[in-house]
């Protein structure tokens, strides 16, 4: 991840890139990744799960999955444990190396999928209501992502960023050597992700 080569931007939902899972058993809509090649340190996407299927394995990767829509998803791990993601936005974190099979509880789901390389990145994810202004301080060497689950939002005019509609995602980086302040105002719900380089 090299924020100096990047810039803050809004990725509209209609520009997410739809592609097959690594194991070819499903589809995902990629929001963004840290690198255009296969050697990324972090990746944001929305998994479209239309039938029961095994998940792809990712060595050295941590994952956090958040239910966006649908009636729920059950994750059955190879070690015999199981977790359910239920409405409205239940989530689970697990290692990408773990064998896991996804089972739909009642119809298709869409799931926010955060993945990061554990030896390179520290990641945090929050689900927050958006009621009035939300202030984020972005440090050099980090990327913040704001995914609008519901409602509408806009950034303060000094950011130069367009507003967010439902399902859009903003990627926020510091443009210089000092931390940068972003103010998001509106009403609805957001997922906020902080990705920080280790070291």
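Every number here is computed from the coordinates shown, using simple stated rules; none is lab data. Bear in mind the structure is a predicted one, so any value in this text is a computation, not a measurement. We place every Cβ from the backbone using ideal geometry, glycine too, and count neighbours over all the protein chains shown.
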(request) Within segment 32-65, find all residues whose amide N lies under 20 Å from a label point positioned 7 Å from the Cα of residue 71 along Cα-to-beta-carbon. (result) 48-53
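Counting other beta carbons within 10 Å of each residue's own, what order do 39, 185, 52 fall into, fewest first?
Least to most surrounded, the residues fall as 39, 52, 185.
Which FRET efficiency value, to the nearest 0.05, do you get for residue 9 and residue 59 by plugging their Cβ-Cβ distance into 1/(1 + (r/R0)^6) with R0 = 30 Å?
Working: r = 30 Å, r/R0 = 1.00.
Efficiency for this residue pair is about 0.50.
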(request) Obtain the nm distance between the two label points defined at residue 17 and residue 84 by a simple spin-label model: each point lies 7 Å from its Cα along the Cα-to-C-beta direction. (result) 3.7 nm
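Using the count of nearby Cβ atoms within 10 Å as a rough guide to exposure, how do 168, 106 rank from fewest to most? Present the calculation step by step, with values, prior to reporting the outcome.
On the way: 168 21, 106 8.
Ranking 168, 106 by Cβ neighbours within 10 Å, fewest first, gives 106, 168.
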(request) Give the shape of segment 121-197 as rounded, prolate or oblate, defined through the alpha-carbon gyration tensor: a ≥ b ≥ c are the square roots of its eigenvalues, a/c under 1.5 means rounded, and otherwise the shape is prolate if a/b is larger than b/c and oblate if not. (result) oblate
(request) Which order do the peptides 80-87, 191-198 take when ranked by the mean count of other beta-carbon atoms within 10 Å per residue, highest first? (result) 191-198, 80-87
